[in-house]
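Here the structure is laid out as structure tokens; the discussion comes afterwards.
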Amino acid sequence: MSIRIFPLDARAAEARLPELATVLADAVENGASVNFMAGLTLEDAAGFWRRQLPGLADGEKQLLVAEEGGVIVGTILLMLAQQPNAPHRAEIGKMLVQSSQRRRGLGRRLLAAAESAARGAGRTLLMLDTESGSAGEHLYKACGWTEFGRVPDHSHKPDGPLAETTFFYKRL
Ligand SMILES: CC(C)(COP(=O)(O)OP(=O)(O)OC[C@H]1O[C@@H](n2cnc3c(N)ncnc32)[C@H](O)[C@@H]1OP(=O)(O)O)[C@@H](O)C(=O)NCCC(=O)NCCS
């Protein structure tokens, strides 16, 4: 089945909150360190996405999704820096691929689409962070991102223990 990658505006994202929530809850359930602890409910996951809607509506954020068979199976959030001294910078978040769909190149495609969207928004420097040793770290290295540091005990893993986080940047 063919996969489509495309942006969702605030209205479309609102209509698809249950699918977005499913992707986020699946990632947490499978141990991904993406700001949430284990046991994230679909309702709380939908709440996270609902809180992104104002940013999507006013252009501070862009959401891109991967869709297969009419269902969202991956997400990536581009957050455009709003500080007056950083009109060239943006941050990447919620790089998520449904656990059943991994290692098929979706992560790479979503990341490339977000980088292209960032360029389109006039951004030339991207930043992100991820749990050290995670699939994300491998993905970012494979996609030409530069590691610039590691912080021990930065965040709790979903199941409790503290873990190190690795920080990356990429010039576009
Ligand atoms: C990180 C994540 C988005 C990768 O998505 P994906 O669709 O599986 O990634 P791709 O298939 O595009 O992989 C591209 C490359 O990244 C690297 N990579 C991805 N997952 C990897 C893994 N588990 N182990 C080692 N390398 C990996 C490989 O180099 C891979 O290329 P290859 O398959 O040709 O070897 C996915 O594992 C995920 O959603 N994880 C949970 C959420 C998360 O941790 N997100 C990042 C937090 S910021």
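The values are calculated or read from the model by the stated rules, or taken from the named source; none is laboratory data. Since we're looking at a predicted model, the values are computed, not measured. Cβ atoms come from the backbone with ideal geometry, glycine included; neighbour counts cover every protein chain shown.
Points worth noting:
- Check on F48, aromatic (F, W, Y) and part of a helix (DSSP H, G or I): yes
- A count restricted to segment 72-115 and to residues that are touching a helix residue (DSSP H, G or I) at 6+ places or on another chain (Cβ under 6 Å) and more than 11 Å from the ligand (Cβ to nearest atom) stands at 3.
- Of the residues examined, A142 is not one that is at pLDDT 95 or above, within 7 Å of the ligand (Cβ to nearest atom) and closer than 22 Å to F36 by Cα.
- Residue count for segment 88-124, restricted to those that are within 18 Å of V34 (Cα to Cα), crowded, with 18+ Cβ neighbours inside 10 Å and of a type in the set (K, R): 1.
- Filtered residues of segment 148-169 (kept if in contact with a helix residue (DSSP H, G or I) (Cβ under 7 Å, 6 or more places away or on another chain) and of a type outside the set (A, V, I, L, M, F, W, C)): P158, T166
This table checks each residue for (1) farther than 25 Å from Y169 by Cβ; (2) among the aromatic types (F, W, Y); (3) under 12 Å from the mean Cα position of the chain (by Cα).
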site: G31; (1), (2), (3): yes, no, no
site: A45; (1), (2), (3): yes, no, no
site: G55; (1), (2), (3): no, no, no
site: T75; (1), (2), (3): no, no, yes
site: L96; (1), (2), (3): no, no, yes
site: L110; (1), (2), (3): no, no, yes
site: S116; (1), (2), (3): no, no, no
site: R123; (1), (2), (3): no, no, no
site: L128; (1), (2), (3): no, no, yes
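- Taking the criterion of being among the charged types (D, E, K, R) and surrounded by 15 or more Cβ atoms within 10 Å (Cβ to Cβ), the residues of segment 125-146 that qualify are D129, E131, E137.
- Of all residues in segment 143-158, those that are of a type in the set (A, V, I, L, M) have Cβ atoms under 7 Å from Cβ atoms of residues that are modelled with pLDDT of 95 or more and in a strand (DSSP E or B), 6 or more apart or on another chain, in V151/E164; V151/T165.
- Within segment 13-20, one or more residues are at negative phi, part of a loop (DSSP other than H, G, I, E, B) and of a type outside the set (D, E).
- Residues in segment 19-50 that are of a type in the set (S, T, N, Q) and over 13 Å from M95 (Cα atoms) were compared, and the one that is surrounded by the most Cβ atoms within 10 Å (Cβ to Cβ) is T22.
- Counting only residues that are of a type outside the set (S, T, Y) and outside any strand (DSSP E or B), segment 124-138 holds 5 of them.
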